[in-house]
Amino acid sequence: MKKYWDIILINLLFLIFALLIYNFIGHKVEVLGAFIAIGISLSLGIRSYKSDNDKIFKELFKEFNEKYDNKFNDGLEDIEIQYLKDNNFVLDSNQKKLVVDYLNLCAEEYLWYELERIPEKVWRSWENGMVYYLNIKPINIIVQEENKKSDSYYGLFKKLEQKLNSFTPN
């Protein structure tokens, strides 16, 4: 029932409104039927909109998770392991490129979150993972460098600035 509260509410409101108009206009059945039809059409349109949003979210979720799993997971873990073994560890050019690509993925996820296509609960989970990796010193250095260039990450750095180590807002 909770899932359909919007449909029930819209149809109930239109039914009440239709009955009021029906009584004030002089018991014209056409008016009653028209308002009930509008309520049904509106509620079905809203349900269709929500269903389309769910499909978009599912596609984005699948795409982002596959991209992370296939391209970034192992590489970020390797950077973390190398840094834990040697606190003076410096990224090589391939690892730097991986981090910049990861930042682009994070920014894309943030953009879709801002467009309200990614639910808050999912975003918080992704954000926690981002903050974890972006606070690893060799990765954080790249974040600092990218932040100085421009705000080309859709506001991601602004969103995360309070959670990132040694972060100086641009």
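The values are calculated or read from the model by the stated rules, or taken from the named source; none is laboratory data. Values in this document were obtained by computation on a predicted structure and should not be read as measured data. Note that we place each Cβ from the backbone using ideal geometry, even for glycine, and neighbour counts take in every protein chain shown. The area values use the complete protein model at the heavy-atom level, side chains included, leaving out ligands, DNA and RNA. Shrake-Rupley method; radii C 1.70, N 1.55, O 1.52, S 1.80 Å.
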What's the magnitude of the charge dipole for the chain around its Cα centre, counting Lys and Arg as +1 and Asp and Glu as -1 at the beta-carbon? Answer in Debye, nearest 20. 580
Dividing the mean separation of Cα pairs under 8 Å (6+ apart) by the residue count of the chain yields a relative contact order in percent of 17
Which of the lysines could be linked to K55 by a straight reach, that is with a Cα gap under 21 Å, when you skip same-chain ones fewer than 8 residues away? K2, K3, K67, K121
At R0 = 30 Å, FRET efficiency that the Cβ-Cβ distance of E30 and W5 yields, to 0.05: 0.55
Ignoring ligands, DNA and RNA, what percent of the accessible area of segment 18-170 is carbon or sulfur (1.4 Å)? 54
Using Stokes-Einstein with the Kirkwood hydrodynamic radius over Cα pairs, what translational diffusion coefficient do you get for the chain at 4 °C and a viscosity of 1.567 mPa s, in µm²/s rounded to a whole number? 66
Taking 8 Å as the Cα distance limit and 6 or more residues as the minimum spacing, I'd like the relative contact order of segment 71-170 as a percentage. 30
Computed helical MRE - 222 nm, the chain, DSSP H runs ≥ 4 contributing -39500 (n - 2.57), nearest 500: -25500 deg cm²/dmol
